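The block underneath contains the structure these notes are about, expressed in structure tokens.
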Amino acid sequence: MCKSKMFFADNTIHYICTSNAVFSMSQTIRRYTYKRAEHLKQQKLIDIVFQQNKSMRVGPLKMIYAIVPTDSFSYQVAFVAPKKIHHLAVDRNRNKRLMREAFRLNRHIMTDAVGQPPVQVLFIFIAQNTEPMTFADASACVSRLLTQLSEKVAKNCVNL
RNA sequence: AUAGUAGGUCGUCUUAUCGCGCUGUCGCAAGGCAGUGAGGAAAGUCUGGGCAACGCAGAGCGUCGGCCUUCCGAAAGAAAGGCGUCCGUGAGGGUGCAGUAGGACAGAAGAAAACAACCGCCGCGCAAGCGGUAAGGGUGAGAAGGCGGUGUAAGAGACCACCAAUGCUGCGGGCGACCGUGGCAGUUGUGUCCCUGCCGAGUUGAAAGGUCAUGUAUAUCGUAAUCCGCAAGGGCAAGGCUGCUCGUCUUGUUUUUGGAAACAAAAGUUGCGAGGGGUGGACCGAUGGUGAUUGCAGGUGACUGCAAUUCGAGAUAAAUGAUAAGACAUUGCUCCGGCAAUGACAGAACUUGGCUUAUAGACCUGCUAUCUUU
RNA sequence: GCCCGGAUGGCGGAAUCGGUAGACGCGCUGGUCUCAAACACCAGUAGGUUCACCCCUGUGCCGGUUCGACCCCGGCUCCGGGUA
């Protein structure tokens, strides 16, 4: 509990700093959004992600990703709560919303680190927790996964 | 006060910041602003409608469902009121018999599951046995209604009185099921199914279906028909009409070659089956309806009528969320200042009536039994 | 979202328009055979509980109908399948 409080205190301070920066230098406004263009929902792209079968795991969260070379940088995310693990629709909704919120508040970790390489990054978060997940756990796991993903993307771009 | 019974209501709230869906609006755009955004069960999918597609001359047989009665309702209905019956001290709760003319079956047990004789009883007989008997015993869910008498060799509705049930019938009450009461008929075993009668039921579900865009293929393979007649028409094949039959409707029945003809071959057409290719989008359907709330009136009640007010999610890899602070409720600890934990069941997917199931906690109402006090 | 099917011993799987539950196969246990084992043969095998009998409880769970339910009816749980 103390740990999570520390985390949120840190996060809110970060946000306040950026909102103060709005007044001073208005060009670098940081917004925590998750728009529809960032949703991964095409069957073909999902098939690509699952065929590449590259995954990593932190805590109860699993991430499957694929890096596709294209003209300009873009990314699409999806959040999955399997019916085999989460039997009730309430639990599935809850886990997906927590993951989405955690991604929304932490996606700058990846976007800041990677820059603008000419690739399309596709990834899926899968909730595999058997006990109810808190937002603090989800946020920590998502941020760690995003740092790992940005390292992978950077390495991939170097190889290109 | 305790225990119970029947039913109903609510089922966390407020503020701030960030974020998401939809609608409106501003903007070239990025985006801004405003409004709005889960339930009593949204769940299970057990049922009835609306709506949509396919089908739509009809008849018979079959299949499935319903059948105590009145009423409510579009229908379903484990709805409401009643009646019968069973359970409960009680409030209440469970349940339901259309018809019996006919047929079938009923393991084990038992002599026998309806033309019946094991023990027993009686008669005949020296005995073996033969005949009579359904009172008594035992088996069983069920053994010819119960009980008392007459009667008899012993017995039996064989006969009689009373009682219970059934059928016919008179009178009274009730819209009716039915209830009360009288007469006649000795008519009287239990359960299930068939059967008979009346009423009802087309199939498939919004991934239904429609429009637009893109791409197109009638690929290909197998199989059936391709016949007679100048014609009308008939025949044949396939398909539709509820599962089957009759009947009926629709579609096809064409061309070439060889042959005197029967016929054969090839192509085409139609139907069926197998199998391959493309798309994987947008919009409509799709959220105002048999609506909801309040009041008045009618009814025992389900419910109905009138008036007023009100419009409140609409997604589609699928929004309705996160955090912080505070309040509220419960539980635990307590130095009575507080501190800590918890906040049920559960998430719309075309819509709606009912049913079923899950629900922390709180509240309200009617009624019953027992006890105490007055 | 919609529509179907299933659950029987340690395992697979019979028994079904209600009538003694566990056929059959695999496995397991005991015995015979062998120096010992395998194979083979014989017997047993749902649980309580075994040497055997009796008794009780048993067809996923909870109710109902019936004299009697794996079977019929209603509800719940779990598993599986189909569907543009």
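Computed from the coordinates by the stated procedures, all read-outs in this text should not be read as laboratory data. Quick caveat: nothing in here was measured; it's all calculated off a predicted structure. Because the Cβ atoms are built from the backbone with ideal geometry, glycine has one as well, and the counts that use them run over all protein chains shown.
Using the Cβ-Cβ distance between A:Leu88 and A:Phe135 with R0 set to 30 Å, the FRET efficiency works out to roughly 0.95. Neighbour counting of Cβ atoms within 10 Å sorts the residues A:Ser74, A:Ser150, A:Ser143, fewest neighbours leading, into A:Ser74, A:Ser150, A:Ser143.
Have a look at the DSSP beta bridges in the range A:34-159 and tell me what percent are antiparallel, nearest 5. Taking every DSSP beta bridge with both residues in the range A:34-159, the antiparallel ones total about 65 percent. Placing +1 on each Lys and Arg Cβ and -1 on each Asp and Glu Cβ, with no other charges, gives the range A:35-116 a dipole about its Cα centre of roughly 440 debye. Can you pull a Stokes-Einstein diffusion coefficient for the range A:34-159 at 37 °C (0.692 mPa s), Rh from Kirkwood over Cα pairs, as a whole number of µm²/s? Roughly 222 µm²/s, to the nearest whole number. Counted by neighbouring Cβ atoms within 10 Å, the residues A:Phe79, A:Phe135 run from fewest to most as A:Phe135, A:Phe79. In terms of the mean number of neighbouring beta-carbon atoms within 10 Å, the peptides A:86-99, A:33-46, A:118-131 order highest first as A:118-131, A:86-99, A:33-46. Label-to-label distance for A:Tyr32 and A:Arg97 is 1.6 nm, based on points extended 7 Å past Cα in the beta-carbon direction.
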